[in-house]
Amino acid sequence: MNKLLPPDLLHRLIPLNTLSPRYLQEIRHQLVPRALAAGEVLCDKQTPSGLSYFLLSGVLSLQTPEGERRLVAGSSESWHMLVSGARLSRACALDDVSVLCIDSEQLDRLVSWQHANADLLLELATAGELTDWLETLLENPLFAKVPPANIRDMLGRLEAIDMPAGQVLLREGEAGDCCYFLKSGRAEVMIGLGSAGQVVAELEVGACFGEEALLTDGPRNATVTLIEDACVLKLARENFVSLLKAPVVDELSLEQANALIEQGAQWLDVRLLEEYEQGHAPQALTMPLHLLRLKARLLKQDRLYVCYCDSGKRSASAVFLLTQLGFSAYPLQGGLDGLSAEDYATLLCERGHGYLARSGGRTERSG
């Protein structure tokens, strides 16, 4: 029987190592190493797309547009994920190997949300707000489906209400017109009515409840009662529905982006530094999404910026943040994953530490 991936190995794999324990829990069933014998094919042109691979042990032969090369487990290159497709047409085991196979879209979504939420928490903490309840709330699986830009908007629509112990917030069988978040205090969840009622759970700070009736448009399936004095945050149905809708962001094709770059716009790479160092656009500034709020003060307000990442999710969040801060920015349509192998190689032609933004909007080569 296969065993779960050892934590010390997991901490090396980029960008898996940036996910919180809660997000890792979402993909726990995928964190089981798969063994391949020498000569066995991991992926080729016939393999369905949508998987990312991490090499844990052994040696793989990789067929790319540039030719054939070897990937050896334990090397810094092997810590990065492999994605089958235009940039990797075939991967074959040269000896006995061990790999992880993870759903690419799910991984990218979790990484994007993790980094965007980190920026949000930083913003609130900088403003002097206590964020323990929000940190817990953002670990709720519901919020893995919410565009990060919408969470900021949601915080402005919450109605804070102080309530005493014993207050019933939801009653089983009633229609749902709102949901609640528990900012302080505790509550208990009971199913069944009258003498048949049974307490099935206790809710603590950061809990979200009442959302299921909004998602299904059905009646409440439980009764929730405060067992301590509490502060609850109420979100009306119409605001909850809009919370789940992705904001519209104007995107640029590679041709449009290159035209703007020639006119003086600047590439911003919002991936992790380790991903940036593997290959980045010419003179692209490294601006990881989770650090963007801190580093944005080094950018120029009168310059146009074009953001890119793997799928476009992180860059869409970056553009939303930059726009709020008064900058003009656009994301690359479809991200790097949407480029052909030729366009990818042409765009990400520089390697190493690359370029950093300095005060006054200066760009400095760091190595």
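The values are calculated or read from the model by the stated rules, or taken from the named source; none is laboratory data. Please read these numbers as outputs of a predicted model, since none were measured by experiment. Here the Cβ positions follow ideal geometry from the backbone for every residue, glycine too, while neighbour counts run over all protein chains shown.
General observations
- Selection of the range 338-355 for residues being touching a helix residue (DSSP H, G or I) at 6+ places or on another chain (Cβ under 8 Å) and surrounded by 16 or more Cβ atoms within 10 Å (Cβ to Cβ) yields LEU339, TYR344, LEU347, LEU348, GLY354.
- Listed here are the strands (runs of 3 or more DSSP E) enclosed by the range 168-231 that have at least 3 residues being within 14 Å of TRP133 (Cβ to Cβ): 178-184.
- Test: residue in the range 314-328 that is outside the structural domain of HIS115 (by TED's automatic domain parsing), surrounded by fewer than 24 Cβ atoms within 10 Å (Cβ to Cβ), among the charged types (D, E, K, R) and at negative phi: no
- Meets criteria (in a strand (DSSP E or B) and either at pLDDT 80 or above or farther than 28 Å from ARG34 by Cβ (or both)) for VAL146: no
- All positions within the range 65-95 that are part of a strand (DSSP E or B) and free of Cβ contacts under 8 Å to residues at least 60 places away in the same chain: GLY67, GLU68, ARG69, ARG70, LEU71, VAL72, LEU82, LEU88, ARG90, ALA91, CYS92, ALA93
- Scope the range 89-124; condition surrounded by fewer than 21 Cβ atoms within 10 Å (Cβ to Cβ) and more than 20 Å from the chain's Cα centre (by Cα); matching residues: SER89, ARG90, CYS92, LEU94, ASP95, ASP96, SER98
- Pairs with Cβ under 7 Å, 6+ apart, first in the range 187-205 and farther than 26 Å from LEU137 by Cα, second part of a loop (DSSP other than H, G, I, E, B): LEU193/GLU172
- Whether a residue is among the aliphatic types (A, V, I, L, M), assigned by TED's automatic domain parsing to the domain that holds ASP229 and within 14 Å of the chain's Cα centre (by Cα) was assessed, and VAL146 passes this test.
- Where GLU172 falls short, out of the listed (1) surrounded by fewer than 16 Cβ atoms within 10 Å (Cβ to Cβ); (2) of a type in the set (Asp, Glu); (3) touching a Leu at 6+ places or on another chain (Cβ under 9 Å): (1)
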